[in-house]
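Data first, discussion second: the structure below is written as structure tokens.
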């Protein structure tokens, strides 16, 4: 009997790897340097393990693609608060990776305690990677009017200019002061958990594996109450026009793109202080009068610009297309191609697939009456690709990283970005289509170009364009 388990990468990987080693699972190459996502066990030949982004694990286990999984309680609750009847069983806490999920506000905000926030008549905006928990928290706290703004990360950078509150995790003893935030309410204490698919738990003998973890084979059923929707609740999605001010609000990317952005600024003779920041500062100072800067995730920028949270931003053309495919009437436009961060957005399949191209894959699925599954972080791009290629019955599998691990067991096609294709080859995948090429670009809300800020924005864009063209 095959037992399939989903294991986390990222924040839980090191401690989970230590636990599996102590338990004698003898997993092949489960480490931070792991080059492959499919793992086998020397001790348990019937154990098949795969590495996923942590947020994907509750979904995969609930769907029945995996019998067991290990992830944080925060991501379990993020799924279950929206789908309380999901086929997910919380087996036991594993006793490590303690974190707390807090509702927090800017230290400079007028709303820094829950009573003030509850009595507030204005619309309260909450930014978070946990939109379902954020909405549930707002409803349970009886906020009169609120918006939930889903983000990919760096949620702590949004208050006070772009959000009133943020729902985010902290480690024990970690201070909010570095982000200039103050805690408003504790929402959840989280640890790493072992979870199971309900059907697998009831029909499969998992005791041999559970014994090694020194867990009693019992179920902790703590499902949250069903989410009751309020008419005042609103998940921010459709773009809107923001009020115009005297300051140009610029969003710059975090992560590995920062070194490229510094190079462009240097060529344009633009000085910026504390970017990238050693202490986590997400508000660097740029030496251009009338500009303010905030550092956020590139994935979030098109929607943030569309909703008027920022006037201009630097992101990838891939994320711009993802946004525009979802919101064709969005006011987001590209101003300058910055010509760095070049990648190809491709469709790839597993080498074990007999299909040579998308046409053969479509024909094979049609003849066997099977649904084609497309896994991607680019949900809208993947959906458009499926429709453009007339795939008939298909399903989009949203992912949050480690997407290569989904093929061939949990998806048939991968829509992914790649520079050289080396990572795809290493995971035994091959490219069958190139959808488009992407580079970093400066984007704007086109409505702001008809405002008094237009001259400042055009001058800034021209300086960057000149720097890029002069090389």
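Evaluate region 130-139: report whether one residue or more is in contact with a helix residue (DSSP H, G or I) (Cβ under 7 Å, 6 or more places away or on another chain), at pLDDT 90 or above and part of a helix (DSSP H, G or I).
Within region 130-139, one or more residues are in contact with a helix residue (DSSP H, G or I) (Cβ under 7 Å, 6 or more places away or on another chain), at pLDDT 90 or above and part of a helix (DSSP H, G or I).
Which condition does residue 451 not pass, out of (1) in contact (Cβ under 8 Å) with a residue 12 or more places away in the chain; (2) under 25 Å from residue 257 (Cβ atoms); (3) surrounded by fewer than 19 Cβ atoms within 10 Å (Cβ to Cβ), if it passes all the others?
That leaves (2) as the condition not met.
Restricting to region 384-407, name every residue that is part of a loop (DSSP other than H, G, I, E, B) and farther than 17 Å from residue 61 by Cα. Don't jump to the end; show me each part of the working.
We begin by selecting, within region 384-407, every residue part of a loop (DSSP other than H, G, I, E, B); these are 389-393, 399-402, 407.
Selection gives 389, 390, 391, 392, 393.
Has region 1-21 got at least one residue that is modelled with pLDDT of 95 or more, closer than 30 Å to residue 176 by Cα and in contact with a helix residue (DSSP H, G or I) (Cβ under 8 Å, 6 or more places away or on another chain)?
Checking region 1-21: at least one residue is modelled with pLDDT of 95 or more, closer than 30 Å to residue 176 by Cα and in contact with a helix residue (DSSP H, G or I) (Cβ under 8 Å, 6 or more places away or on another chain).
Pick from 258, 304: which is at pLDDT 90 or above and farther than 30 Å from residue 396 by Cβ? Write out each step before concluding.
On the way: 304 fails: farther than 30 Å from residue 396 by Cβ.
Only one candidate qualifies: 258.
Is it the case, given these coordinates, that residue 322 is part of a strand (DSSP E or B) and farther than 28 Å from residue 176 by Cβ? Explain how you work it out, then say what you get.
Values: part of a strand (DSSP E or B): no; farther than 28 Å from residue 176 by Cβ: yes.
Spelling it out, it is not the case that residue 322 is part of a strand (DSSP E or B) and farther than 28 Å from residue 176 by Cβ.
Within the bounds of region 362-370, is there any residue that is part of a loop (DSSP other than H, G, I, E, B), crowded, with 19+ Cβ neighbours inside 10 Å and either in the same structural domain as residue 52 (by TED's automatic domain parsing) or in contact with a strand residue (DSSP E or B) (Cβ under 7 Å, 6 or more places away or on another chain) (or both)? Explain how you work it out, then say what you get.
To start, the set of residues in region 362-370 that are part of a loop (DSSP other than H, G, I, E, B) comprises 369-370.
Now drop any that are not crowded, with 19+ Cβ neighbours inside 10 Å, which leaves none.
No, because not a single residue in region 362-370 is part of a loop (DSSP other than H, G, I, E, B), crowded, with 19+ Cβ neighbours inside 10 Å and either in the same structural domain as residue 52 (by TED's automatic domain parsing) or in contact with a strand residue (DSSP E or B) (Cβ under 7 Å, 6 or more places away or on another chain) (or both).
Among the residues of region 339-350, count how many are out of contact with any helix residue (DSSP H, G or I) (no Cβ under 9 Å at 6 or more places or on another chain) and either closer than 15 Å to residue 320 by Cβ or part of a loop (DSSP other than H, G, I, E, B) (or both). Reasoning before the result, please.
Pass one, region 339-350, residues out of contact with any helix residue (DSSP H, G or I) (no Cβ under 9 Å at 6 or more places or on another chain): 342, 344, 350.
Narrowing the set further to residues that are either closer than 15 Å to residue 320 by Cβ or part of a loop (DSSP other than H, G, I, E, B) (or both) leaves 342.
Of the residues in region 339-350, 1 are out of contact with any helix residue (DSSP H, G or I) (no Cβ under 9 Å at 6 or more places or on another chain) and either closer than 15 Å to residue 320 by Cβ or part of a loop (DSSP other than H, G, I, E, B) (or both).
For residues that are in a helix (DSSP H, G or I) and not assigned by TED's automatic domain parsing to the domain that holds residue 254, tally how many sit in region 416-466. Please lay out each step first, then the result.
Our first condition is that a residue be in a helix (DSSP H, G or I); within region 416-466, this holds for 422-426, 446-450, 454-466.
Filter once more, so that each one left must be not assigned by TED's automatic domain parsing to the domain that holds residue 254: 422-426.
Looking only at that region, the number is 5.
Can you name every one of the strands (runs of 3 or more DSSP E) wholly within region 10-116 that holds 2 or more residues which are under 22 Å from the mean Cα position of the chain (by Cα)?
47-52, 68-72, 99-106
Looking at this structure, is residue 423 surrounded by fewer than 17 Cβ atoms within 10 Å (Cβ to Cβ) and modelled with pLDDT of 95 or more? Reasoning before the result, please.
Values: surrounded by fewer than 17 Cβ atoms within 10 Å (Cβ to Cβ): yes; modelled with pLDDT of 95 or more: no.
No: the conditions fail for residue 423.
Working only within region 74-96, note down all residues that are closer than 18 Å to residue 171 by Cβ and surrounded by fewer than 22 Cβ atoms within 10 Å (Cβ to Cβ).
Selection gives 93, 94, 95, 96.
If a residue must be buried (at least 17 other Cβ atoms within 10 Å of the Cβ) and more than 23 Å from residue 409 (Cα to Cα), how many such residues does region 2-15 contain?
Number of matching residues: 1.
The values are calculated or read from the model by the stated rules, or taken from the named source; none is laboratory data. Treat the numbers as computed from the prediction; the structure is a model and nothing was measured. Neighbour counts are summed over all protein chains in view; Cβ atoms, including those assigned to glycine, are modelled from backbone coordinates with ideal geometry.
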